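Notes for the one structure printed next.
The values are calculated or read from the model by the stated rules, or taken from the named source; none is laboratory data. Not measured: the values here are computed from a predicted model. Cβ coordinates were reconstructed from backbone atoms using ideal geometry, including for glycine residues, and neighbour counts include every protein chain displayed.
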Amino acid sequence: MYWMLGLLHAGTPAVQQLNYEILKNGKPVGKLVSTQTVGDGTKEFITESDVSIEILFKIQVYTRVRSLFNNGLLFDGNFLRKVNGREKANAHIYWANDKYYIKGLNETEIFKSKIYYTTACLMHVEPEGLGRIFSENFRRFIPIKPVGPHKYVLQLPDGNENYYTYSNGKCVEAEIETSFATVHIHLKN
């Protein structure tokens with residue numbers, strides 16, 4: 001499956017940045033920036049989002065997901081979520097001794113399956129042909145399936161479903177369900 005992340009090349013790292021607007025009920029509530037950096041044998045994906053929503057009170061959610069692949073295999077990654085400035089999730093995953101170690105806020109887990117695609121890849125690489133992807137947030141594989149041409153549903157363990165639509169291999173829009181609200185993400189560039 002790592003072929004989906006493409007062939008890697010030597011030389012100066014190439015950087016591609018995608019900028020998205022996040023909307024709730026048609027109104028801007030935040031932004032998402034996703035960066036792919038391709039180096040000599042490596043690919044790094046970083047997705048950062050910052051959303052501010054008012055329900056009964058203001059909720060500000062910052063999320064940063066990072067995955068570093070070495071020759072197609074996830075080598076190192078991080079997941080960070082802050083709600084109203086307070087850290088709610090912080091995990092570090094790394095490959096060592098033929099397995100992954102996932103260090104959370106209070107525990108360390110061991111994960112033995114190899115990982116070739118994660119949620120950090122979703123904005124830059126269409127998950128064509130995949131039945132599951134690794135979630136840095138949930139620390140496990142979660143199902144993904146096509147629901148139309150270049151459109152996929154990611155079925156989250158918390159019962160939410162997120163929809164991603166692609167054009168030329170890049171995500172152009174997404175509908176994301178959260179415990180706070182459903183938001184729509186649209187590619188600006």
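Can we say Val172 is at pLDDT 95 or above, more than 24 Å from Lys27 (Cα to Cα), in a strand (DSSP E or B) and over 13 Å from the mean Cα position of the chain (by Cα)? Answer is no for this residue. Quick check on Tyr117: is it within 17 Å of Thr47 (Cα to Cα), in contact with a Lys or Arg (Cβ under 8 Å, 6 or more places away or on another chain) and not aliphatic (A, V, I, L, M)? Spelling it out, it is not the case that Tyr117 is within 17 Å of Thr47 (Cα to Cα), in contact with a Lys or Arg (Cβ under 8 Å, 6 or more places away or on another chain) and not aliphatic (A, V, I, L, M).
Do we have Val147 as at pLDDT 95 or above and surrounded by fewer than 15 Cβ atoms within 10 Å (Cβ to Cβ) here? When the stated conditions are applied, Val147 passes them.
Suppose we filter segment 156-168 for residues that are farther than 19 Å from Leu23 by Cα and either aromatic (Phe, Trp, Tyr) or modelled with pLDDT of 95 or more (or both); how many remain? Of the residues in that region, 2 qualify. Scanning segment 102-128 for residues that are surrounded by 14 or more Cβ atoms within 10 Å (Cβ to Cβ), among the hydroxyl-bearing types (Ser, Thr, Tyr) and either under 19 Å from Thr35 (Cβ atoms) or at pLDDT below 95 (or both) yields Tyr117, Thr118, Thr119.
Quickly run through segment 49-75 and pick out the residues that are of a type in the set (A, V, I, L, M), surrounded by 15 or more Cβ atoms within 10 Å (Cβ to Cβ) and over 15 Å from Ser135 (Cβ atoms).
Here is the first cut: in segment 49-75, the ones of a type in the set (A, V, I, L, M) are 51, 53, 55-56, 59, 61, 65, 68, 73-74.
In the following step, the residues that additionally are surrounded by 15 or more Cβ atoms within 10 Å (Cβ to Cβ) were identified as 51, 53, 59, 61, 65, 68, 74.
If the condition is that a residue be of a type in the set (A, V, I, L, M), surrounded by 15 or more Cβ atoms within 10 Å (Cβ to Cβ) and over 15 Å from Ser135 (Cβ atoms), then Val51, Ile53, Ile59, Val61, Leu68 are the ones that fit.
Among the residues of segment 134-158, the one identified as in contact with a Pro (Cβ under 6 Å, 6 or more places away or on another chain) and either aliphatic (A, V, I, L, M) or within 16 Å of Gly72 (Cα to Cα) (or both) is Ile144.
Quick check: anything in segment 76-95 surrounded by fewer than 15 Cβ atoms within 10 Å (Cβ to Cβ), at pLDDT below 95 and farther than 28 Å from Lys31 by Cβ? Within segment 76-95, none of the residues are surrounded by fewer than 15 Cβ atoms within 10 Å (Cβ to Cβ), at pLDDT below 95 and farther than 28 Å from Lys31 by Cβ.
When Met123 is tested against (1) in a loop (DSSP other than H, G, I, E, B); (2) under 14 Å from the mean Cα position of the chain (by Cα); (3) farther than 24 Å from Gln60 by Cα, only condition (3) is not met.
If you go through segment 136-158 and pick out every residue that is more than 26 Å from Tyr100 (Cα to Cα) and not in a strand (DSSP E or B), you end up with 2.
Those strands (runs of 3 or more DSSP E) of segment 1-116 in which at least 2 residues are under 20 Å from the mean Cα position of the chain (by Cα) and under 29 Å from Lys188 (Cβ atoms), considering only elements entirely within it, cover 14-24, 27-38, 42-54, 58-70, 73-83, 86-96.
If the condition is being farther than 26 Å from Phe111 by Cβ, of a type outside the set (A, V, I, L, M) and either in contact (Cβ under 8 Å) with a residue 24 or more places away in the chain or crowded, with 17+ Cβ neighbours inside 10 Å (or both), then segment 29-48 contributes Gly30, Asp40.
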